[in-house]
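Asks: Here it is, the structure, as structure tokens.
The values are calculated or read from the model by the stated rules, or taken from the named source; none is laboratory data. Just so it is clear, the structure is predicted and the values come from calculations on it, not from any experiment. Positions of Cβ are generated from backbone atoms using ideal geometry, with glycine treated the same way; all protein chains shown enter the neighbour counts. Note: areas computed on protein heavy atoms with side chains; ligands, DNA, RNA excluded. Shrake-Rupley method; radii C 1.70, N 1.55, O 1.52, S 1.80 Å.
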Amino acid sequence: MSAMNGFFQRQLEIYAGYHRDERNCVTHIFGIPIIFLAVALPLSLWPISLFGIPANLAVALVIPALIVWLALDFAIGLAISVAVVLLLLAATVIATQVSGPAVWFIAAGLFIAGWALQIIGHARFEHRKPALLDNPMHMLIGPMFIMAKLFVALGFRDDLAPAMQSRHSDAFPRP
């Protein structure tokens, strides 16, 4: 397995300090993809061409994030890429099957549900604010954290386990 990028490891350790309770992590397993889908849905309404290939605005806007995820950790980035492609396909299918207003209605409902999961996870189980409020970079680290937890649980990346047991956890005491 490839060695982790030093920056990624530091960010993963800090992020882990905000996510010590497994129940909060479960809310993120569902909340993060739901929020992604909520944002991708309305962006899927705008068709564009990428180098002559038909696409939509959601696809175009996710490419920089995919590049960052792959650069930070190729294996985790690749797994996230697969999940993102599936979510983008789902968004495209939904956007082509329902009316424009319905897409916005569905997106709003998903956005509220996804953030409700995140807020409940942090308020109820962590008793602290979400990590992205202290560092917007954590919007990119969140999906990597969830995927890294999956990789560790499946025994694919034991090298990630120490970063998931954050040394920074004690820096964030619970009230």
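Asks: For Ala108, are the conditions met, namely being of a type in the set (Gly, Ala, Ser), surrounded by 15 or more Cβ atoms within 10 Å (Cβ to Cβ) and either touching a residue at least 24 places away in the same chain (Cβ under 8 Å) or not in a helix (DSSP H, G or I) (or both)?
Replies: Criteria not met by Ala108.
Asks: On to the next question. Quick check: is even one residue across segment 8-24 surrounded by 14 or more Cβ atoms within 10 Å (Cβ to Cβ), modelled with pLDDT of 90 or more and touching a Leu at 6+ places or on another chain (Cβ under 7 Å)?
Replies: For segment 8-24, residues surrounded by 14 or more Cβ atoms within 10 Å (Cβ to Cβ), modelled with pLDDT of 90 or more and touching a Leu at 6+ places or on another chain (Cβ under 7 Å): absent.
Asks: Given the condition within 21 Å of Phe145 (Cβ to Cβ) and open to solvent by less than 20 Å² (accessible area, probe 1.4 Å), answer yes or no: does some residue in segment 36-56 qualify?
Replies: Yes: segment 36-56 contains one or more residues that are within 21 Å of Phe145 (Cβ to Cβ) and open to solvent by less than 20 Å² (accessible area, probe 1.4 Å).
Asks: May I pose another question? Quick one: is Trp69 over 26 Å from Gln9 (Cα atoms) and either in contact with a Cys (Cβ under 7 Å, 6 or more places away or on another chain) or modelled with pLDDT of 90 or more (or both)?
Replies: Spelling it out, it is not the case that Trp69 is over 26 Å from Gln9 (Cα atoms) and either in contact with a Cys (Cβ under 7 Å, 6 or more places away or on another chain) or modelled with pLDDT of 90 or more (or both).
Asks: Only one of these is of a type in the set (Gly, Ala, Ser) and within 15 Å of Leu72 (Cα to Cα): Ala161, Ala153, Ala123, Ala148. Name it.
Replies: Ala148
Asks: Tally the residues that are in contact with a strand residue (DSSP E or B) (Cβ under 9 Å, 6 or more places away or on another chain) and either of a type in the set (Gly, Ala, Ser) or open to solvent by less than 30 Å² (accessible area, probe 1.4 Å) (or both), restricting the search to segment 61-105.
Replies: Within segment 61-105, residues that are in contact with a strand residue (DSSP E or B) (Cβ under 9 Å, 6 or more places away or on another chain) and either of a type in the set (Gly, Ala, Ser) or open to solvent by less than 30 Å² (accessible area, probe 1.4 Å) (or both) number 3.
Asks: Residues Ile80, Ile29, Ile63: which one is of a type in the set (Val, Ile, Thr), at pLDDT 95 or above and in contact with a helix residue (DSSP H, G or I) (Cβ under 7 Å, 6 or more places away or on another chain)?
Replies: Ile80
Asks: OK, next. Which one of these is under 14 Å from His19 (Cβ atoms), more than 16 Å from the chain's Cα centre (by Cα) and free of Cβ contacts under 8 Å to residues at least 12 places away in the same chain: Ala102, Ala123?
Replies: Only one candidate qualifies: Ala123.
Asks: If a residue must be aliphatic (A, V, I, L, M) and open to solvent by 50 Å² or more (accessible area, probe 1.4 Å), how many such residues does segment 25-35 contain?
Replies: Qualifying residue count, segment 25-35: 2.
Asks: If I ask for residues that are of a type outside the set (Asp, Glu) and not in a helix (DSSP H, G or I), which ones from segment 111-139 would you list?
Replies: His127, Arg128, Lys129, Pro130, Asn135, Pro136, Met137
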